Amino acid sequence: MKKRTDGIIIAIDGPSGAGKSTVARLLADRLGYRQIDTGAMYRAAALLIDRAEIDPDDTSALEYFCRQLDIKLEYDDARQTVIANGSDVTNQIRTPEMSLLTSRISSLKPVRNALLKAQRLMGESGGVVLEGRDIGTVVFPDAELKFYLSASPEERGRRRCEELTAKGEPVTLEQTISDVIKRDRQDSERDIAPLCQAEDAIVIDSSRLTVEQVLDKMEQVYREKINSTGMAL
């Protein structure tokens, strides 16, 4: 295992709508760590590929396009900005259509190769919180602390529906739950880096927990880990 210089790596995996992005951001704030939102990076890649009208089945065209990808995460206070090939795409990547497209795009090898190296370089020194589908199994299988955050499809659909409705999106609860279930199936059945719980991950079901309760559980585990191993904060 490579020696970390800035702390440990905390991996948070789980299905769509489980609250990983929110929890990862707030946990990073609590611990004084950096958050690397890998999901936002894949959403940005999907958006660029869609805008360029690249056929995902055209491997050669996709590989060439992915070599030109430049996706960055910038932070100003508590706000994360996603910059893709020089443009702010923070709001455009959070639509239902982009959520489903991301599941397909993120399973393609050229896309994963383009982003995997960047993610590892950003996080290898430690002191980071990463969330996604395969952080603890593929991106950083040697992460010192792994969580698997989940919730029932109904609860995840409800949360997503409220979020989209607040943004003025014309969605229904029934359709949103259906989209969540469809996304789960796509993520679990894909050939490359499928959604999978790491064997050494700590499972947290957030269906009946507040964000603060989830954070308290994670922070407690983190403190116990640090105290028992003598790792640097």
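The values are calculated or read from the model by the stated rules, or taken from the named source; none is laboratory data. These numbers come from a predicted model, not from an experiment. Virtual Cβ from ideal backbone geometry, glycine too; neighbours counted across all protein chains shown.
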- Please identify the pairs in which a residue from region 80-102 that is under 21 Å from GLY168 (Cα atoms) has its Cβ atom under 6 Å from the Cβ atom of a residue that is basic (Lys, Arg), counting only partners at least 6 apart or on another chain. ILE93/ARG43; MET98/ARG43
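Would it be correct to say that VAL180 is part of a loop (DSSP other than H, G, I, E, B) and buried (at least 16 other Cβ atoms within 10 Å of the Cβ)?
In short, no.
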- Among the numbered criteria (1) farther than 20 Å from VAL23 by Cα; (2) of a type in the set (D, E, K, R); (3) modelled with pLDDT under 90, which single criterion is violated by GLU163? (1)
- Message: Looking only at region 183-200, count every residue that is in a loop (DSSP other than H, G, I, E, B) and over 14 Å from GLY17 (Cα atoms) and tell me the total.
- Response: 10
- Does ARG156 satisfy the condition of being under 26 Å from LEU108 (Cα atoms), touching a residue at least 24 places away in the same chain (Cβ under 8 Å) and either surrounded by 17 or more Cβ atoms within 10 Å (Cβ to Cβ) or in contact with a Phe, Trp or Tyr (Cβ under 7 Å, 6 or more places away or on another chain) (or both)? yes
- Can you pull out the residues in region 116-130 that are touching a Phe, Trp or Tyr at 6+ places or on another chain (Cβ under 9 Å) and either buried (at least 24 other Cβ atoms within 10 Å of the Cβ) or among the basic types (Lys, Arg) (or both)? ARG120, GLY123, VAL128, VAL129, LEU130
- Of the conditions (1) out of contact with any strand residue (DSSP E or B) (no Cβ under 7 Å at 6 or more places or on another chain); (2) at pLDDT below 90, PRO141 clears all except one; give me its number. (2)
- Go through region 88-110 and give me each residue that's under 15 Å from the mean Cα position of the chain (by Cα), crowded, with 20+ Cβ neighbours inside 10 Å and under 15 Å from LYS72 (Cα atoms). ILE93
- Within region 101-129, considering residues that are among the hydroxyl-bearing types (Ser, Thr, Tyr) and outside any helix (DSSP H, G or I), the one modelled with the highest pLDDT: SER125
- Odd one out for GLN220, checked against (1) within 15 Å of SER16 (Cβ to Cβ); (2) free of Cβ contacts under 8 Å to residues at least 60 places away in the same chain; (3) surrounded by fewer than 21 Cβ atoms within 10 Å (Cβ to Cβ): (1)
- Query: Is there any pair with a first residue in region 8-32 that is within 20 Å of ARG120 (Cβ to Cβ) and a second that is among the basic types (Lys, Arg) and part of a helix (DSSP H, G or I) whose Cβ atoms are under 9 Å apart and which are 6 or more apart or on different chains, and what are they?
  - Reply: ILE8/LYS225; ILE12/LYS20; ASP13/LYS20
- Query: Hey, LEU209 hits all of (1) assigned to a loop (DSSP other than H, G, I, E, B); (2) within 16 Å of the chain's Cα centre (by Cα) but one; which does it fall short on?
  - Reply: (2)
- All-but-one check, VAL221 against (1) touching a strand residue (DSSP E or B) at 6+ places or on another chain (Cβ under 8 Å); (2) in a loop (DSSP other than H, G, I, E, B), failing number (2)
- Test ARG158 against the stated conditions and say whether it is part of a helix (DSSP H, G or I), among the basic types (Lys, Arg) and either at pLDDT below 90 or over 13 Å from ALA18 (Cβ atoms) (or both). no
- Out of curiosity, is ILE10 of a type in the set (Val, Ile, Thr), part of a strand (DSSP E or B) and over 17 Å from ALA193 (Cβ atoms)? yes
- Note on the structure: Subset of region 14-41, residues surrounded by 24 or more Cβ atoms within 10 Å (Cβ to Cβ), in a helix (DSSP H, G or I) and either at positive phi or not aliphatic (A, V, I, L, M) (or both), comes to LYS20, THR38
